[in-house]
Structure formats: structure tokens, C-alpha cells
Amino acid sequence: MAGLCGKTLFITGASRGIGLAIALRAARDGANIVIAAKTANPHSKLPGTIHTAAAEVEAVGGKALPLAVDIRFEDQVHAAVEQAVTRFGGIDILVNNASAISLTGTLETPMKRYDLMMEVNVRGTFLCSQACLPHLKKAENPHILTLSPPLDLRPKWFAPHLAYTMAKYGMSMCVLGMADEFREAGIAVNALWPRTIIATAALQVIPGAEAERGRTPEIVADASWHILTRNSRDATGNFFIDDEVLAAAEITDLSRYAVARGRPLKADLFLE
């Protein structure tokens, strides 16, 4: 075992998709995974629960703690963090993966959906970071990794889906600020974003998403592993792109991540 063996990762939204892929990549090293997600019972449209995710984590060699957590609620987040520390003795890594999306214009975005995106994406990222930070300060190589895009203030990223952009950029602003705030404490705070769309179950519900022109969640998981195994004092304040991380690790053949080999890939939002 190497890499993340024995490390404890608190991953939000880890019952499926990118969060689960990151969990499984770390679990193969023998990591402890706190699966902090809302889905305790089967969802009508989306596969996976915290319990099925836990079974997958343990099947590949990790230890799992499935916790039903809605990160909009402070008491639930703090209770989950305390359970994680009680079970595993601390927290080494926080992955802010949970996110809500609505690619709608201003007039087409109900305030209920606006509030959901702000509460999950921005407030949830801030809250989970705040709750984990006292424990990260005690860790040997502490990391916060947030799934959010590089900050680019050109209007073209705002006009088509203003509310969603504000919510995702709010996550990125947490990275920008916390990286500098906790630099001297040795806590790495970075963002990671995919070059292409990622074929997850959640993507299927977005009209015109063209998942077949994307890559699998494993590319983000592998990139995350290369970030989270770095010395935290040497790698903070970065807005990483998945294929650039892999290229730095001399992994340039990305064909195995393609959903449909030979199909032209579609860039993710916020990237050219």
C-alpha cells in the first residue's frame, strides 16, 4: 500500500459520479473514506446510495463510513465531522465535490433553485471547510480539494447561466481565499476541474449534454490522487485542470477515459 494508505478523506457527494470515483481511487490505496451525501435510500432517477458506495469502497480495500448528510445544514455537517474523527481518529483530506446545477438564464431560474445552488455549492463548501479545518491543522499532509473551475470573469461564462456561474465561482473564491489564509498552517487548498464534460448519471438529466462526447469520472479521480499525494506545503492555491495534472505525471494517453473512443470531445463549462 502507498499513496493515500491510512489517510482519512471526507468526501461530499460521494454516493455516485465523480465523488465516488475519487473515493474508490483512494480506497485502492487503503484509505478511510467518509461518504457524506444525501442519498441514504435509492433515488428515483439517480443510481447509488451512501450504502452502495460504502460497499464498493470496502470491496477495493478501503474502510468506509457512510453518513447521510445534507451539507446545507450546519448541525449535520458538524455531526458528520465528529463521527468521522471518532471513527478514524482525524481528517487528512476534505474533498468538496457536492454541487447543484441549473443551466438556466435569469428569467428561467426559480429562486428555489437559485437558493439550492448557493446553499450547496458556496455555503456548503465554506461550511465543510470550516468544520474540517481544526482537524486538518493536526494532519500530517492536509489537503482541501474543491471541484470548481478557474476564475474567468468574461461575460460569456455568466450570461447563459448566471446563477450557476456565481455558485461555482463562489466555490472557487473559497479556494482562492483559504489557500492564502491557511498557507502558513501547511494546508493545501486547491481546485480541480475537468477539461471535458464528465459522463455521470447527473449529466444525463441535462438536455443536450452529449455524455458520449465526454470522459469517465476516473480521469478526475486519477488527477485528484496526483494532487492529494503531493506535499501540501508545495502545492496550494492552484486551479488544476485534470489533463494537465496527468500530463505533469507523464500520463499523456487519455484514450482509456473516453466514453466513446474516436468521438470528438466536448469541453466542459468555463474552459475554452
Only residues that are among the polar types (S, T, N, Q) and either under 14 Å from Val120 (Cα atoms) or surrounded by 18 or more Cβ atoms within 10 Å (Cβ to Cβ) (or both): list them for the stretch 48-105, please. Thr49, Gln76, Asn96, Asn97, Ser99, Ser102
Quick one: count up the residues across the stretch 24-81 that are farther than 19 Å from Leu116 by Cα, small (Gly, Ala, Ser) and not in a loop (DSSP other than H, G, I, E, B). 9
Output for the stretch 249-272, where each listed residue is outside any loop (DSSP other than H, G, I, E, B) and touching a strand residue (DSSP E or B) at 6+ places or on another chain (Cβ under 7 Å): Tyr257, Ala258, Ala267
Taking only the stretch 249-259 into account, find how many residues are farther than 18 Å from Arg25 by Cα and open to solvent by 50 Å² or more (accessible area, probe 1.4 Å). 4
Within the stretch 1-13, can one find any residue that is under 24 Å from Leu192 (Cα atoms) and part of a helix (DSSP H, G or I)? no
Extreme residue, nearest to Ser224 (Cα to Cα), among residues of the stretch 153-176 that are in contact with a Phe, Trp or Tyr (Cβ under 6 Å, 6 or more places away or on another chain) and of a type outside the set (S, T, N, Q): Cys174
Would a scan of the stretch 31-47 turn up a residue that is among the basic types (Lys, Arg), under 19 Å from Ile227 (Cα atoms) and buried (at least 18 other Cβ atoms within 10 Å of the Cβ)? no
All conditions in (1) within 21 Å of Gly170 (Cα to Cα); (2) in contact (Cβ under 8 Å) with a residue 12 or more places away in the chain; (3) not polar (S, T, N, Q) are true of Val81 except (1)
Evaluate the following for Tyr169: is it without any contact (Cβ under 8 Å) to a residue 24 or more places away in the chain, under 21 Å from the mean Cα position of the chain (by Cα) and closer than 28 Å to Ala258 by Cα? yes
Please tell me if Leu116 is modelled with pLDDT of 95 or more and in contact with a strand residue (DSSP E or B) (Cβ under 6 Å, 6 or more places away or on another chain). no
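The values are calculated or read from the model by the stated rules, or taken from the named source; none is laboratory data. Small disclaimer: the values here were computed from a predicted structure and weren't measured. Heads up, the Cβs are rebuilt from the backbone with ideal geometry, glycines too, and the neighbour counts pull from every protein chain shown. Ligands, DNA and RNA are excluded from the accessible area calculation, which covers all protein heavy atoms including side chains. Shrake-Rupley method; radii C 1.70, N 1.55, O 1.52, S 1.80 Å.
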